[in-house]
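In what follows, a single structure is set out as structure tokens and then discussed.
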Amino acid sequence: MPVSSGVHHITAICGEPARAIDFYSRRLGLRLVKKTVNFDDATAWHFYFGDEIGSPGSILTFFARPDMPPGTPGAGEVVSIAYAIPTGSAAFWIDQFNDEGVRFALAEGGRAIAFHDPDGLALELVETTAVADMPGYESETIPGEHALRGFAGATLLVGEAAATARVLTQGLGWTEGGRATLGDYTRIRFDAPGKPAIGGALDLLARPGLPKGTQGIGGVHHIAFRASGDAQQAEFSASVRALGLTPTEVRDRKYFRSIYFREPSGVLFEIATDGPGFSVDEKLSKLGTGVMLPEHYEARRKEILEKLPKAG
Ligand code: ZN
């Protein structure tokens with residue numbers, strides 16, 4: 001069975017494009033590594049944020065949908081995203097959030113700072129010893145030593161845990177790392193093989209009979225898992241097909257190649273290759289400064305850009 005080395009990226013839906021860019025790049029210090037459009041729908045911006053090069057495991061992306069209603073949380077959704085910060089950095093972030101007027105609460109015994117983005121997406125910063133040796137991206141506003149390194153975890157809300165757990169373990173090679181019960185809910189931790197420092201943990205939060213959520217602003221569209229390359233992606237395609245799921249054919253996303261399937265509780269899963277990465281159409285020093293379109297939209301560039309909302 002192939003084994004996934006963790007989460008590749010998470011894609012959510014934001015409202016006003018300029019507000020999302022300000023929050024993630026200026027306030028959180030992530031690098032805007034790519035400004036493009038939804039490859040399946042050129043009327044929506046698609047922004048990629050990450051570390052300096054947009055490493056797999058650090059990438060949070062947004063489809064901007066200012067006209068969409070807010071999402072309602074429910075089964076079949078990623079409901080919370082945690083970024084790892086080095087141990088000792090929480091004090092910096094608490095000062096920063098106080099200065100910036102970002103409302104927050106402390107979680108996990110004071111190890112984590114819980115807050116929301118301007119559209120209501122639930123986020124956490126978690127102090128993690130495992131990222132001590134990882135360099136941080138030095139942005140204009142956030143010093144590299146305190147920078148967000150990559151995903152510490154994400155929480156998937158499901159109606160029934162067993163079927164989703166089977167996809168993670170038998171389909172992707174993750175292992176159960178413990179469970180706890182909170183009222184009607186069961187929380188089950190899963191670890192990626194080798195427990196990588198970033199993108200290596202997921203929580204399933206399950207409550208039988210939980211109604212499905214609806215997609216909208218402030219919600220997550222899908223979560224992508226890493227494949228080392230095309231061969232491993234094909235192995236994942238076969239392993240999830242063996243569980244009765246129906247992955248798509250490979251789609252070229254320019255910065256990686258992807259397959260998609262909906263896991264049994266309704267969360268949209270993607271398997272994305274690590275390469276070729278974000279330097280394929282912009283120099284590393286210039287990432288995110290241009291509007292990069294896929295070839296099939298390039299001939300319509302002027303018309304497409306005129307119709308997009310202002311992005312700051
Ligand atoms: Zn994706």
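The values are calculated or read from the model by the stated rules, or taken from the named source; none is laboratory data. Quick caveat, the model's predicted, so the values are computed rather than measured. Backbone-built Cβ (ideal geometry, glycine too); neighbour counts: all protein chains shown.
Odds and ends about this structure:
- Scanning region 236-265 for residues that are away from the ligand (no atom under 14 Å from the Cβ), of a type outside the set (A, V, I, L, M) and either closer than 18 Å to Ser55 by Cα or in contact with a Pro (Cβ under 9 Å, 6 or more places away or on another chain) (or both) gives Phe236, Ser237, Ser239, Arg241, Gly244.
- Flag for Gln233 being within 16 Å of the ligand (Cβ to nearest atom), touching an Asp or Glu at 6+ places or on another chain (Cβ under 9 Å) and in contact (Cβ under 8 Å) with a residue 40 or more places away in the chain: no
- Residues of region 273-302 that are more than 16 Å from the ligand (Cβ to nearest atom) and of a type in the set (Asp, Glu): Asp281, Glu282, Glu295, Glu298.
- Residues that are assigned to a helix (DSSP H, G or I) and β-branched (Val, Ile, Thr), drawn from region 257-312: Val280, Ile304
- Every listed requirement among (1) touching a helix residue (DSSP H, G or I) at 6+ places or on another chain (Cβ under 9 Å); (2) within 13 Å of the ligand (Cβ to nearest atom) is met by Glu270 save one, (1).
- Qualifying residue in region 175-193 (condition: away from the ligand (no atom under 16 Å from the Cβ), modelled with pLDDT under 95 and within 20 Å of the chain's Cα centre (by Cα)): yes
- Count of region 1-38 residues, restricted to those that are at pLDDT below 95 and within 15 Å of the ligand (Cβ to nearest atom), is 1.
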